[in-house]
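Student: Below are the structure tokens for one structure; questions will follow.
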Amino acid sequence: MLWRVSYPFYLKSALGLAWLAIIALLAFPIAPKSVRLESAATLYDVNDEILVRKATKDNYWRYNAKLEKIDPNYIKAVLAIEDARFFLHSGVDVPAILRALKTWRAKGEVVSGASTITMQLVRQYKPRKRVLSSKIIESLAALKYELVFTKSEILSQYLTRISYGGNIQGVEAATWRYFGKSPEYLTWDEIALLVALPQAPESRRPDRHPVAAKAGRDRLLDKLVQADLISKSIADEAKSIPIPQAFYDFPSDQNNGAPLLMVKGQDVKSFIKPNIQRMAHRVLQNSLINQSDAVNASILVVENDTRRVVAHVTAGDRAHEGGWLDLTAAVRSPGSTLKPFIYALAMSDGQANSQSAIQDAPTRFGAYQPENFNRRYYGKVRLKDALKHSLNVPAVAALEQIGPARFEAMLVSAGAPPRLPSHRTEDAGLSLALGGAGMTGTDLAVLYTALANEGVAKPLVWTKSHASSENGIQLFSAETAQEITEILAEATPPNGRIPGHLSAGRSMVAYKTGTSYGARDSWAAGYTTNYTVVAWVGRPDGAPRPGDTGRKSAAPLLFDVFDGLEEGSKSNKFAIARNHASQQDFQTTLDQGPQITFPMDGAEILVTAGKPTVKVKAQSVDRLRFYIDGHRLDVEYGAAEFRPPSSGFYILKVVDSQGKSAISRFRVLGADDIPNTPL
């Protein structure tokens with residue numbers, strides 16, 4: 001007699017699911033991680049409050065749903081309506097399938113669905129036609145999802161991707177769009193609408209179909225009563241609340257560092273302080289009111305002790321040119337803003353201190369001859385005055401002494417490398433002193449925070465996940481940093497302001513301005529005991545702005561921001577020593593004797609009937625005598641003129657009152673000495 005073993009139904013179901021799970025593991029791939037985690041970018045401030053949000057690259061508003069940040073009542077409602085046995089099944093709810101089949105056979109139509117939340121998630125990643133074969137594929141894939149992900153991960157993914165109409169996906173985006181808030185705290189009318197919308201996301205969109213949206217919400221409230229989640233009185237009260245018909249804008253504190261979102265990742269937790277951010281942005285906007293649309297500006301505020309970026313206003317006004325660019329990261333000429341670091345390196349070497357004398361006179365450094373901004377020269381000046389008044393020639397002379405290559409190496413080690421145009425093959429050389437290489441506002445912030453921190457340079461700290469633990473680079477001694485700070489703190493403030501060291505109620509601001517060639521860039525960089533600020537004003541396209549300077553347009557911005565930083569806080573002063581002993585003069589090229597500027601040694605000069613004379617020139621801090629082949633020339637305004645009797649070689653000798661001299665050997669050519677070479 002044959003015996004047939006009969007297994008209980010639940011065991012048969014379990015065995016069947018096990019076989020399906022094995023098939024699913026072998027046949028169906030899981031959605032790639034990059035797809036699963038794709039969401040729009042969010043920037044958080046120092047308090048972990050949302051500061052700004054962006055859409056995804058394909059223009060969807062979708063943010064990762066974090067279950068701990070979602071109202072528990074909403075989650076209960078979703079599970080009650082969509083998948084009551086979510087935590088009991090393994091991706092496929094067999095009892096629900098049998099129930100659906102039974103009602104379908106009894107009534108001849110589909111009355112209740114059997115799709116679990118896991119199956120719906122599968123369909124969200126790869127939509128298919130609503131046919132039986134698709135259900136089978138989704139069931140098998142759902143089994144595999146359950147083997148790979150936890151229930152919390154599946155629910156989080158589902159609430160991230162669920163459609164709410166248009167380009168709104170996920171509960172986080174939906175609550176911000178329809179209610180102007182996060183999903184952490186929701187009312188029952190909001191919960192019911194959020195659960196009802198995904199069932200028909202387009203036909204129930206409240207902004208387009210408010211009547212259908214209300215009807216769907218109210219039916220959902222009735223279902224929540226049947227599920228014993230709420231009472232009838234709560235449902236009736238929720239039904240009386242109007243449907244929201246207007247969209248709320250997503251958080252967007254404009255111009256607050258959007259490039260961080262694109263570079264650093266999706267969820268960026270920054271150190272931006274919203275009150276400082278708003279203040280700095282307001283200052284920039286006010287400064288641009290009377291400027292043309294071609295002009296824009298940027299501000300960077302850094303906390304000295306921590307190097308944290310607490311305000312990052314990438315552009316002052318989006319309506320102006322370049323308003324969507326990060327102008328703090330644009331490579332521009334820094335003008336004179338590097339001069340403090342040239343003198344700091346010389347002082348740290350022991351070559352000079354703030355009281356040392358340095359020559360300010362017309363000087364040629366090889367083929368390079370810089371001029372002071374106002375084309376006036378003051379002879380022998382103290383180094384502190386040369387820096388305070390931003391004299392160009394002394395700064396170039398100091399750079400010549402310490403060496404341009406060494407100075408550039410210091411900038412590179414600080415994390416602020418100078419950039420040259422791609423077509424330039426030679427080094428910036430002495431032109432570094434006057435902005436001959438490009439830098440960014442971020443670079444200047446690194447350098448000036450080093451001055452505020454006893455000469456130690458460290459990278460700026462932008463986000464909480466990238467906090468710097470580096471010890472930093474000692475660029476120059478702490479004593480030198482203090483001495484430079486004293487000089488910069490005594491610089492004349494913008495018009496209408498009392499110097500900080502003379503005012504009891506204001507903090508001292510140590511600052512330096514800079515203006516690039518052609519007035520293309522106006523800079524002001526400075527610091528107090530607490531903060532460092534870098535301000536830039538100019539045209540994003542790099543066009544010149546004749547008549548503008550760093551002192552005229554950027555310095556007022558800088559001081560306005562520092563005023564805003566001081567509101568409600570105690571003013572602070574730098575510790576000023578004021579006891580620096582005088583030191584021997586800072587030796588420059590001019591201290592070595594006169595320099596012949598024309599003709600240079602080895603030059604060839606054409607003399608014609610129309611131009612029969614040669615004008616010879618030299619520079620010195622002393623009176624000069626000019627000699628050609630031993631014959632003294634008459635001198636007028638520091639130059640002499642002679643008429644060569646014939647073509648040939650000549651020797652020019654220039655002598656000062658101390659007997660120091662310079663010699664140049666040159667050749668004079670006549671018209672007959674130039675061969676006629678056919679083209």
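The values are calculated or read from the model by the stated rules, or taken from the named source; none is laboratory data. This structure is a prediction, so every number in the text was calculated from the model and none was measured. In this analysis, Cβ positions are derived from the backbone assuming ideal geometry, glycine residues included, and neighbour counts consider all displayed protein chains.
Student: Among the residues of segment 194-201, is there at least one that is touching a Phe, Trp or Tyr at 6+ places or on another chain (Cβ under 9 Å), part of a helix (DSSP H, G or I), surrounded by 22 or more Cβ atoms within 10 Å (Cβ to Cβ) and touching a residue at least 60 places away in the same chain (Cβ under 8 Å)?
Tutor: Checked segment 194-201: at least one residue is touching a Phe, Trp or Tyr at 6+ places or on another chain (Cβ under 9 Å), part of a helix (DSSP H, G or I), surrounded by 22 or more Cβ atoms within 10 Å (Cβ to Cβ) and touching a residue at least 60 places away in the same chain (Cβ under 8 Å).
Student: Residue under question is ALA294, and the condition is that it be small (Gly, Ala, Ser) and within 18 Å of the chain's Cα centre (by Cα); does it hold?
Tutor: When the stated conditions are applied, ALA294 does not pass them.
Student: Would you call LEU17 outside any loop (DSSP other than H, G, I, E, B), farther than 28 Å from ILE230 by Cβ, modelled with pLDDT under 65 and of a type outside the set (S, T, N, Q)?
Tutor: In short, yes.
Student: How many of the residues in segment 239-261 are at pLDDT below 80, assigned to a loop (DSSP other than H, G, I, E, B) and of a type in the set (S, T, N, Q)?
Tutor: Within segment 239-261, residues that are at pLDDT below 80, assigned to a loop (DSSP other than H, G, I, E, B) and of a type in the set (S, T, N, Q) number 3.
Student: List the residue pairs whose Cβ atoms are under 9 Å apart, where the first residue sits in segment 288-315 and is on the phi > 0 side of the Ramachandran plot, the second is among the hydrophobic types (A, V, I, L, M, F, W, C) and part of a strand (DSSP E or B), and the two are 6 or more positions apart or on different chains.
Tutor: Once the first residue is on the phi > 0 side of the Ramachandran plot and sits in segment 288-315, its partners that are among the hydrophobic types (A, V, I, L, M, F, W, C) and part of a strand (DSSP E or B) give ARG307/VAL461.
Student: Restricting to segment 599-654, name every residue that is among the basic types (Lys, Arg), closer than 30 Å to TYR377 by Cα and at pLDDT below 85.
Tutor: The answer is ARG623, and nothing else.
Student: State whether the residues of segment 597-612 include one that is closer than 30 Å to PRO394 by Cβ and in a strand (DSSP E or B).
Tutor: Yes.
Student: Which one of SER348, SER333 is under 30 Å from VAL295 (Cβ atoms) and of a type in the set (Ser, Thr, Tyr)?
Tutor: Matching residue, one of SER348, SER333: SER333.
Student: Do any helices (runs of 4 or more DSSP H) entirely within segment 333-417 hold 3 or more residues that are touching a strand residue (DSSP E or B) at 6+ places or on another chain (Cβ under 7 Å) and modelled with pLDDT of 90 or more, and if so, which?
Tutor: In segment 333-417, 392-402 are the helices (runs of 4 or more DSSP H) which contain 3 or more residues that are touching a strand residue (DSSP E or B) at 6+ places or on another chain (Cβ under 7 Å) and modelled with pLDDT of 90 or more.
Student: Going by the structure shown, is VAL393 out of contact with any helix residue (DSSP H, G or I) (no Cβ under 8 Å at 6 or more places or on another chain), more than 26 Å from GLN277 (Cα to Cα) and buried (at least 23 other Cβ atoms within 10 Å of the Cβ)?
Tutor: yes
Student: Here's a follow-up. Could you tell me which residue of segment 142-168 is farthest from LEU121 (Cα to Cα), considering only residues that are aliphatic (A, V, I, L, M) and not in a helix (DSSP H, G or I)?
Tutor: Here the residue is ILE168.
Student: State whether one or more residues within segment 142-157 are under 34 Å from the mean Cα position of the chain (by Cα), within 18 Å of ASP83 (Cβ to Cβ) and among the hydroxyl-bearing types (Ser, Thr, Tyr).
Tutor: Looking through segment 142-157, at least one residue is under 34 Å from the mean Cα position of the chain (by Cα), within 18 Å of ASP83 (Cβ to Cβ) and among the hydroxyl-bearing types (Ser, Thr, Tyr).
Student: Is at least one residue of segment 267-287 assigned to a loop (DSSP other than H, G, I, E, B), modelled with pLDDT under 90 and not hydroxyl-bearing (Ser, Thr, Tyr)?
Tutor: Within segment 267-287 (the criterion being assigned to a loop (DSSP other than H, G, I, E, B), modelled with pLDDT under 90 and not hydroxyl-bearing (Ser, Thr, Tyr)), the answer is no, since none of the residues qualifies.
Student: Identify, please: which residue in segment 145-160 is surrounded by fewer than 22 Cβ atoms within 10 Å (Cβ to Cβ) and touching a residue at least 40 places away in the same chain (Cβ under 8 Å) and is, among those, farthest from GLU49 (Cα to Cα)?
Tutor: Ranking the candidates gives LEU147 first.
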